[in-house]
1. Among the residues of the range 195-227, count how many are of a type outside the set (A, V, I, L, M), farther than 18 Å from A318 by Cβ and surrounded by 23 or more Cβ atoms within 10 Å (Cβ to Cβ).
2. Take A295 and decide whether it is of a type outside the set (F, W, Y), more than 19 Å from T370 (Cα to Cα), buried (at least 17 other Cβ atoms within 10 Å of the Cβ) and without any contact (Cβ under 8 Å) to a residue 12 or more places away in the chain.
3. I'd like to know if the range 124-140 contains one or more residues that are in contact with a Ser or Thr (Cβ under 8 Å, 6 or more places away or on another chain) and within 17 Å of L391 (Cβ to Cβ).
4. Scan T320, T361 and give me the residue that is assigned to a helix (DSSP H, G or I), farther than 27 Å from G90 by Cβ, of a type in the set (V, I, T) and open to solvent by 30 Å² or more (accessible area, probe 1.4 Å).
5. Here are the criteria: (1) in contact with a Lys or Arg (Cβ under 7 Å, 6 or more places away or on another chain); (2) over 16 Å from V337 (Cβ atoms); (3) open to solvent by less than 10 Å² (accessible area, probe 1.4 Å). Tell me which single one V230 does not satisfy.
6. Checking the conditions here, which among S286, S254 is of a type in the set (S, T, N, Q), open to solvent by 70 Å² or more (accessible area, probe 1.4 Å) and in contact with a helix residue (DSSP H, G or I) (Cβ under 8 Å, 6 or more places away or on another chain)?
7. Looking at E335, E273, E238, which one is touching a residue at least 60 places away in the same chain (Cβ under 8 Å) and surrounded by fewer than 15 Cβ atoms within 10 Å (Cβ to Cβ)?
8. Say we look at the range 240-250 and pick out the residues that are closer than 16 Å to G323 by Cα and assigned to a loop (DSSP other than H, G, I, E, B); which of these is modelled with the lowest pLDDT?
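The values are calculated or read from the model by the stated rules, or taken from the named source; none is laboratory data. Just so it is clear, the structure is predicted and the values come from calculations on it, not from any experiment. Reconstructed Cβ throughout: ideal geometry from the backbone, glycine too, with neighbour counts over all protein chains shown. Ligands, DNA and RNA are excluded from the accessible area calculation, which covers all protein heavy atoms including side chains. Shrake-Rupley method; radii C 1.70, N 1.55, O 1.52, S 1.80 Å.
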Amino acid sequence: MVISGTSVQWTRGAGLSAAELAVTRHLLVHGPATRGDLGDRLRLSSASMSRLARALVDGGIVSEDLEPVPGVGRPRQLLSAVPGARYVVGCKLTGDTAYGVVCDMLGEVRSTAQAALPAPQADGTVPLAGTVKTVAQLANKLARRVPSLDGIGLSVGGVVANRSIVREGTFLGWHEVDLATPLRDRTGLPVVVTNDVTALAREQLWFGAGRTHSTFGLITVGAGIGIALVREGVAVEELIDNGHLLAHAPVDSSGPRCSMGHTGCVAAYLNREDIQDHASAAAGRSVTFSDLVQARAAGDHTAANWLDGAARALGHLAATFAGALQTTRIVLAGEDVAAIANSTAMTDVIAARLRPGPDETQRCTLDITTAPLTFNDWARGAAVVGIQNVLGAL
């Protein structure tokens, strides 16, 4: 790695071959394994597996050591992914801040940092050149915490195309902005840009829900409602509707209106700005989401009703999403999710949706997990996408 000013120059090799990637991915996702076990799982011959293991060990991607606790007879040789084989900076961009982390190949955060983005211009857009400079400086700072740096992953709210173009930057005011190219030119590092919720889905694919479910859905609740999905081990890069069909599905025809004018849709109950607007109008004063959470904790029934309404909407959204995907695994994440999902109103809705008819014998259960997120967690998702990019998994 060569550091010059704010430029971090890339000195590592290219991505892995398809077979090398398959072995490395299995070790990252499922942990250490013997050559024989890997060959059986990946349908590779003993000779092929030996060649791959030798190449990966020689390349520093994988190590081979004796089993920590030998069984009866000859100790087995175990292959393990080397965490420090790759280091990648992940960066989550909001409307005013770049949140950065540097992660090893296992997605473990080694250091964090953040920096303010330049102020928006008169037309409301955040300057691209200033953003690139800020991210490059952030990467340079984080690079000092690890032996080497292999790439950068960036995530933004909105629509991203070709892992480079921010087609719609929700919080940055961007339209058709190429973010990857100028950052790649400035740093000399491989750069990948992705939607922030898709980044979380990719992180879950390798280090979370994807370990046990090849198909799952991800819903984020915070400064908006985010939707991402993985089908048969493949993360869907671009949704046909940016999640609107699910986020604006009807819940109650007599309910409040969302900001787009739909009556009683999921967003009307679940979107933070809509919750705050409705609660403020009802109270005759400004009410924030945090105010509602605090008031509910103090025993305020009105605040509890607002949050229960959000919980019921989230329950309907999770059940509908699971049914559409035909999966039993849904991950709920985001800054607001803990305050909403801990209501029995959500679990009651899901239980009612799962209840079979009187003559039905088939039973279904949903495996729903909740993962409250900080901005560093969002940045970690971007870093995992960066790891997948430098390994050749994208």
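1. 5
2. Details: of a type outside the set (F, W, Y): yes; more than 19 Å from T370 (Cα to Cα): yes; buried (at least 17 other Cβ atoms within 10 Å of the Cβ): yes; without any contact (Cβ under 8 Å) to a residue 12 or more places away in the chain: yes.
For A295, the condition - of a type outside the set (F, W, Y), more than 19 Å from T370 (Cα to Cα), buried (at least 17 other Cβ atoms within 10 Å of the Cβ) and without any contact (Cβ under 8 Å) to a residue 12 or more places away in the chain - is met.
3. Initially, the range 124-140 is screened for residues in contact with a Ser or Thr (Cβ under 8 Å, 6 or more places away or on another chain), giving 133, 136-137, 139-140.
In the following step, the residues that additionally are within 17 Å of L391 (Cβ to Cβ) were identified as none.
No, there is no match, as no residue in the range 124-140 is in contact with a Ser or Thr (Cβ under 8 Å, 6 or more places away or on another chain) and within 17 Å of L391 (Cβ to Cβ).
4. Details: T361 fails: assigned to a helix (DSSP H, G or I).
Selected residue: T320, the only one of T320, T361 that is assigned to a helix (DSSP H, G or I), farther than 27 Å from G90 by Cβ, of a type in the set (V, I, T) and open to solvent by 30 Å² or more (accessible area, probe 1.4 Å).
5. Condition not satisfied by V230: (1).
6. Numbers: S254 fails: in contact with a helix residue (DSSP H, G or I) (Cβ under 8 Å, 6 or more places away or on another chain).
After applying the criteria, what remains is S286.
7. On the way: E335 fails: surrounded by fewer than 15 Cβ atoms within 10 Å (Cβ to Cβ); E273 fails: touching a residue at least 60 places away in the same chain (Cβ under 8 Å).
After ruling out the rest, the residue left standing is E238.
8. G243
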